[in-house]
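Taking it in order: structure first as structure tokens, then the write-up.
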Ligand code: SAM
Ligand code: SF4
């Protein structure tokens, strides 16, 4: 029996896809290896959203090969790099890889691996076909986390933000049926999972016959055993009001919204094809807060998009100061092959300016995160225990509160997967600390 090791790069969607891959390969007689060193086949499930994700994978390929000191290992490149860099991956003779497979080809993996064995071909195998229909509805992913389970409720994206490679690497948007999603949630609840996170590139455009994302959330919340539902990401351009209402009112839906801003200036937003203005974004934030004042808000921001001036960048600063996010992922613009921005707009903001801008936004965010976290001191938060808090200390647990913030507390007799209520006694910009006040019977 051949042993396979899979390494995952990038977003939660890739983490979920790796679970699908494990399930497909497990069902075809492959054994999963615990480490790369003991594997006959190493699969890298890759990301190509930003340049440094790619670079890591290229380095890793060489590193795996060198580690084997001449002993044969088969290497497969899966995921977004396979669709985005197909030509380079297949045609570079110095790259020691055996095959590539895109995000819609995972059911074909057993066949691709089979074809590798003894085919004697010099050419590398590949399948990077993008499908309009593949949602892996018939594959039950091999979830292993035990506390939170990811579930892709849709795949692909039709938004074509000009900076983004996802529509090219993951293809057209398609939704899974609510029955199929609920069926998967039920199975997970039976296995003991208490939290699910529903994934899609833009969950607001989830559609299946008469169902939208709000009705999907309601259906998932009816599954017994599931206590918390998270989701990511909604797009600020088309946030349905009925969805806001469900988030604010359904007690199982966590009170956190990831609302990617990307930029604060209207001209830049238009060049990005985000299809909302600064005012529309801020109005949405006001509406969210009027419905649920304590809603935790997080975001994604890109600095140094082509032609962004210092004055325009200051408008991103202004929006951040106005919204005061609980946390933010801030990225330097990274030109991606095939995207509209790459074809139309030269990457002309100097690296130093990008660095200056990202440093500035990270400082602001650190201040805001700290300010928000300090405001929780003295409150009692329900926490779902995830794991020991650091590899070094065995004395503390960490879990997450409803707003998805990490909470650390002394271990006591509690266990992973349990809900406890924790009195918050201390805070940094990154975590909350406290003591367990009560074990919750959830
Ligand atoms: N669909 C999600 C949304 O619209 O929020 C985003 C998915 S994307 C994989 C995650 C984040 O990566 C984006 O929100 C954006 O901030 C960032 N990103 C995408 N393309 C990028 C690029 N070319 N350069 C820098 N950051 C990028
Ligand atoms: Fe990319 Fe925009 Fe789609 Fe998000 S919504 S995946 S940023 S194209």
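Quick look at the numbers
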| quantity | calculated |
| --- | --- |
| Test: residue in region 320-329 that is within 14 Å of ligand 1 (Cβ to nearest atom), loosely packed, with under 14 Cβ neighbours inside 10 Å and either outside any loop (DSSP other than H, G, I, E, B) or touching a residue at least 40 places away in the same chain (Cβ under 8 Å) (or both) | yes |
| Residue match in region 274-296 (condition: over 23 Å from the mean Cα position of the chain (by Cα), outside any loop (DSSP other than H, G, I, E, B), modelled with pLDDT of 95 or more and more than 30 Å from residue 241 (Cβ to Cβ)) | no |
| Scope region 188-227; condition closer than 21 Å to residue 245 by Cβ, touching a strand residue (DSSP E or B) at 6+ places or on another chain (Cβ under 6 Å), within 16 Å of ligand 2 (Cβ to nearest atom) and not in a helix (DSSP H, G or I); matching residues | 198, 200, 206, 207 |
| Some residue of region 259-266 being within 27 Å of residue 418 (Cβ to Cβ), in contact with a strand residue (DSSP E or B) (Cβ under 9 Å, 6 or more places away or on another chain) and surrounded by 21 or more Cβ atoms within 10 Å (Cβ to Cβ) | no |
| Failed criterion for residue 232 (all others in (1) within 16 Å of ligand 1 (Cβ to nearest atom); (2) more than 20 Å from residue 133 (Cβ to Cβ); (3) surrounded by fewer than 18 Cβ atoms within 10 Å (Cβ to Cβ) hold) | (3) |
| Qualifying residue in region 355-362 (condition: within 15 Å of ligand 1 (Cβ to nearest atom), within 21 Å of residue 55 (Cα to Cα) and at pLDDT 95 or above) | yes |
| Of all residues making up region 157-183, the number that are outside any loop (DSSP other than H, G, I, E, B) and touching a helix residue (DSSP H, G or I) at 6+ places or on another chain (Cβ under 7 Å) | 5 |
| Test: residue in region 74-92 that is buried (at least 16 other Cβ atoms within 10 Å of the Cβ), assigned to a loop (DSSP other than H, G, I, E, B) and more than 16 Å from ligand 1 (Cβ to nearest atom) | no |
| Residue, nearest to ligand 2 (Cβ to nearest atom), within region 140-179, restricted to residues that are within 22 Å of residue 26 (Cα to Cα) and surrounded by fewer than 17 Cβ atoms within 10 Å (Cβ to Cβ) | 145 |
| In region 103-133, the residues that are more than 17 Å from residue 40 (Cα to Cα), out of contact with any strand residue (DSSP E or B) (no Cβ under 7 Å at 6 or more places or on another chain) and modelled with pLDDT of 90 or more | 104, 106, 107, 129, 130, 131 |
| Residue count, region 23-38 (criterion: surrounded by fewer than 21 Cβ atoms within 10 Å (Cβ to Cβ) and in a helix (DSSP H, G or I)) | 6 |
| Enumeration of residues in region 126-156 that are over 23 Å from residue 54 (Cα atoms), assigned to a loop (DSSP other than H, G, I, E, B) and within 16 Å of ligand 1 (Cβ to nearest atom) | 153 |
| The one condition in (1) in contact with a helix residue (DSSP H, G or I) (Cβ under 6 Å, 6 or more places away or on another chain); (2) buried (at least 17 other Cβ atoms within 10 Å of the Cβ); (3) farther than 20 Å from residue 427 by Cα that residue 338 fails to fulfil | (2) |
| Some residue of region 270-285 being without any contact (Cβ under 8 Å) to a residue 12 or more places away in the chain, within 16 Å of ligand 2 (Cβ to nearest atom) and closer than 22 Å to residue 339 by Cα | yes |
| Residues being free of Cβ contacts under 8 Å to residues at least 40 places away in the same chain and within 18 Å of residue 100 (Cα to Cα) - total across region 7-35 | 2 |
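The values are calculated or read from the model by the stated rules, or taken from the named source; none is laboratory data. These numbers were taken from a predicted model, which means no experiment stands behind them. As a convention, Cβ positions derive from the backbone with ideal geometry for all residues, glycine included, and neighbour counts pool all protein chains shown.
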